[in-house]
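Written out below as structure tokens is the structure these notes cover.
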């Protein structure tokens, strides 16, 4: 399995924001912004693969999004089903594995059926992974992880005295995935909106004013370039990093 170059983040996570505002600026219904956003998803998947990013996580639908008007929620579910039907063959062609995080069991049955089919069709690929965060919320994830951790302790498969982060983290939705190196949020908002709160503890963040439907491969590459200029110390000093031996 090839290594990711040091200047390229192995895992990029994106909060895709601004579809509604993009549509409003053009006098269009919100759903048109979401439709345009689907096209951006395809471009960004391609851009990530071209740059050597091995994991791409997209915040597609949050647990809070159910509060939106029902016609918009229904349209989003239909767009998700359409995306999966259309893109599964492309994911297979490009050898990109599809994964999900979140309470996907609560999604409509047609969406779950398409998700299951796409996940099964791409399960054998390991070099590149697309993760869709669906019905996802970081606080919900922690509740589910705590429940799973407690059940493992009760079953005797986890020693309660082994209270390391690594032990607990295996019970998160992302238990077998690396933490994100870079988190991008589009549309000019400066918040993380309940997204990968624990996993992004040491991630670099890039906030861009570009609305998601307008987010291009060039914008993605610019965010990666910004990441490459950052110094990730993980609690250490710059001097310690400079003196550390190269492996």
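The values are calculated or read from the model by the stated rules, or taken from the named source; none is laboratory data. Please read all numbers here as calculations on a predicted model, not as lab measurements. Cβ sites come from the backbone with ideal geometry, for glycine too, and all protein chains shown count toward neighbours.
Rundown of residues vs (1) surrounded by 12 or more Cβ atoms within 10 Å (Cβ to Cβ); (2) out of contact with any strand residue (DSSP E or B) (no Cβ under 7 Å at 6 or more places or on another chain); (3) under 30 Å from residue 41 (Cα atoms), yes/no style:
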{"residue": "140", "(1), (2), (3)": "yes, yes, yes"}
{"residue": "143", "(1), (2), (3)": "no, yes, yes"}
{"residue": "150", "(1), (2), (3)": "yes, yes, no"}
{"residue": "172", "(1), (2), (3)": "yes, yes, yes"}
{"residue": "182", "(1), (2), (3)": "yes, no, yes"}
Quiz prompt | Residue, nearest to the chain's Cα centre (by Cα), within region 91-108, restricted to residues that are closer than 19 Å to residue 59 by Cβ and in a helix (DSSP H, G or I) | solution = 104
Quiz item: List the pairs whose first member sits in region 50-71 and is assigned to a strand (DSSP E or B), whose second member is surrounded by 22 or more Cβ atoms within 10 Å (Cβ to Cβ) and at pLDDT below 95, and whose Cβ atoms are under 9 Å apart, counting only residues at least 6 apart or on separate chains?
Solution: none
Exercise. Restricting attention to helices (runs of 4 or more DSSP H) lying wholly within region 129-229, give those where 3 or more residues are at pLDDT 95 or above, within 18 Å of residue 60 (Cβ to Cβ) and under 17 Å from the mean Cα position of the chain (by Cα).
Key: 138-155
Practice problem: Identify, from the list 8, 41, the residue that is part of a loop (DSSP other than H, G, I, E, B) and buried (at least 17 other Cβ atoms within 10 Å of the Cβ). | Solution: 8
